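The values are calculated or read from the model by the stated rules, or taken from the named source; none is laboratory data. No experiment lies behind these values; they were computed from the predicted model shown. Reconstructed Cβ throughout: ideal geometry from the backbone, glycine too, with neighbour counts over all protein chains shown.
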Amino acid sequence: MVMAISMIIMAFTLSVAFSTRQKIEIISELKDHSQVRLKSYSAFNEILYNILISNFTSTEIKIILPDGKWKPWNLYGEPIVLNDSVTVKLRDTAGMISPVMQPGYMASLFSGTGASTANVNSFLDKLADWQDIDDLKRLNGAESWEYRTTGYPYTPRNFFVQTIDEIRLIKDFDNSILDAVRDDLTYWGNDHINYLTMSEKTLRAVLKNDKAVDSILKMRNDHILTGSYFTGLTGIQRTDTVMFAPSGAIKMEITSKLNAAVDRIEAVIAKRETQEGPYMVFEWKK
């Protein structure tokens, strides 16, 4: 009887100890998640402040330090370490590709993944049919009839895509292609393009000249790349749609880590004054 009571007491004690340990672990995890979220928002405010007050170069933002010196923050997606817990990637959206405004550049980017010319042409026709308002099928396209007769539970939007991932809904689209280039696409594009802030992947896919791209990357890493140097290497001139300066619409990706806790913020900020403030938030994703 005494042994049975002792075993019951021991089991209860172990249960309480295990429950207490679980609660401590949960509290610690919640604390980490709270702190890592604060780190993300703090980083966002620091980055936003620097975007608004700092000078832009052809490929970077010049962050002025308290001692009067400066450090570069690149605008082509190379990771920037803010501190031990936070890294950020900044992208000039003019150096990214818009499926709405720049389908030709997007075709080059898709071709760079190894997609065949036939598949790329088929996608371009289907994308155009997805967005136009008529029901007339292009040569390699697909309109409402093709979607209905092949079992799709929807038909084309007949308007511009509303998000990048909407492309996945297009008939016969290969999701692996979008996965391979997703980081180089932006919804918030326009008809302007900035080669100087393109990623290495996009430069190689669009220019198709590895020697020139190698030179461009070296000059960019040395902080001396300009539009004139780029033109000398590629022959591409400044035009109404080709610009050699950042657009002012910057995509930021913030990643904060603390132990097992991870927090991310993605946003597109435009350095553009309005009556409400000195910037606009085009996109926000937590």
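Checking each residue in the range 247-267 for being more than 16 Å from the chain's Cα centre (by Cα), in a loop (DSSP other than H, G, I, E, B) and at negative phi picks out only Ala260.
For every residue, the table says whether it meets (1) touching a Lys or Arg at 6+ places or on another chain (Cβ under 6 Å); (2) over 20 Å from Leu109 (Cβ atoms); (3) without any contact (Cβ under 8 Å) to a residue 40 or more places away in the chain; (4) not assigned by TED's automatic domain parsing to the domain that holds Ile47.
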| site | (1), (2), (3), (4) |
| --- | --- |
| Arg168 | no, no, yes, yes |
| Leu196 | no, no, no, no |
| Asn209 | no, no, yes, no |
| Val213 | yes, no, yes, no |
| Met219 | no, yes, yes, no |
| Thr226 | no, yes, no, no |
| Thr234 | no, no, yes, no |
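Please enumerate the residues belonging to the range 94-131 that are of a type outside the set (S, T, N, Q), touching a residue at least 40 places away in the same chain (Cβ under 8 Å) and not in a loop (DSSP other than H, G, I, E, B).
Kept after step one, since they are of a type outside the set (S, T, N, Q), are these residues of the range 94-131: 94-97, 99-101, 103-107, 109-110, 112, 114-115, 118, 120, 123-130.
After this cut, where a residue has to be touching a residue at least 40 places away in the same chain (Cβ under 8 Å) as well, the list is 94-97, 99-101, 105-106, 109-110, 112, 115, 123, 126-127, 130.
Within the range 94-131, Ala94, Gly95, Ile97, Tyr105, Met106, Leu109, Phe110, Phe123, Lys126, Leu127, Trp130 qualify.
For Ser58, state whether it is among the hydroxyl-bearing types (Ser, Thr, Tyr), over 16 Å from the mean Cα position of the chain (by Cα), in a loop (DSSP other than H, G, I, E, B) and assigned by TED's automatic domain parsing to the domain that holds Thr226. Yes; evaluated as a whole, the condition is true for this residue.
Set side by side, the residues Thr186, Thr274 differ, and just one is touching a helix residue (DSSP H, G or I) at 6+ places or on another chain (Cβ under 9 Å) and β-branched (Val, Ile, Thr), which is Thr186.
Take the conditions under 19 Å from Ala118 (Cα atoms), surrounded by 15 or more Cβ atoms within 10 Å (Cβ to Cβ), of a type in the set (Gly, Ala, Ser) and modelled with pLDDT of 95 or more and apply them to Ala180. Does it pass?
No: the conditions fail for Ala180.
Just to be sure, is Ser116 of a type in the set (S, T, N, Q), farther than 20 Å from Arg182 by Cα and modelled with pLDDT of 90 or more? Quick ask: steps written out before the conclusion?
Working: of a type in the set (S, T, N, Q): yes; farther than 20 Å from Arg182 by Cα: no; modelled with pLDDT of 90 or more: yes.
So Ser116 fails the test.
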